[in-house]
Amino acid sequence: MLAMRDHSELELRRKLATPSRFSKEQETEAVRPEEIEQVINTCREHNWLDDSRFAVRFIESRYRKGYGAQRIRQEMQQKGVGRDEIDSAFIAFEGDWCALARDVAQRKFGTPLPAGFPEKIKVQRFLQYRGFYMEEIQQIYSEYDEL
């Protein structure tokens, strides 16, 4: 499981506890919690499982896909990553969220961005759904107003 991509500890625990849907046996034996704990400890010892590294790579991955910090933070919390690891990963990350928001909006709505009020609201709602903060969205339009 860890060979394909990094997982958070909670994700790995859930996958290990879930019976494999690829198993040929009709009745699969449930994995005991002690076995899961042993696997988790072994993965930690070999540095195969690290929530901090997972957080950094997850931010990079979601950033490349055009998602904002707010949504990325929420998704990582759902995956069981601690607040400290999330905060550290965002501090270490060197992305320009305003530039990303502008690029995402331009891909969706074209250049120049719509100037009418109803169209601006559509752009705003779309970017909020993608996880961008209101300050980043407003900065996009303040840059266009200056041009």
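A few notes on this one:
- Among residues of region 105-133 that are over 19 Å from Y67 (Cα atoms), those with a beta-carbon under 9 Å from a residue that is assigned to a helix (DSSP H, G or I) and basic (K, R) at least six positions away or on a different chain give the pairs P114/K120; P114/K122.
- Highlighted here would be helices (runs of 4 or more DSSP H) found entirely within region 32-147 that include at least 3 residues which are of a type in the set (G, A, S) and open to solvent by 90 Å² or more (accessible area, probe 1.4 Å), but there are none.
The values are calculated or read from the model by the stated rules, or taken from the named source; none is laboratory data. Predicted model, so just to flag it, every value in this text is computed and none were measured. Reconstructed Cβ throughout: ideal geometry from the backbone, glycine too, with neighbour counts over all protein chains shown. Protein only, heavy atoms only, side chains kept; ligands, DNA and RNA dropped before computing areas. Shrake-Rupley method; radii C 1.70, N 1.55, O 1.52, S 1.80 Å.
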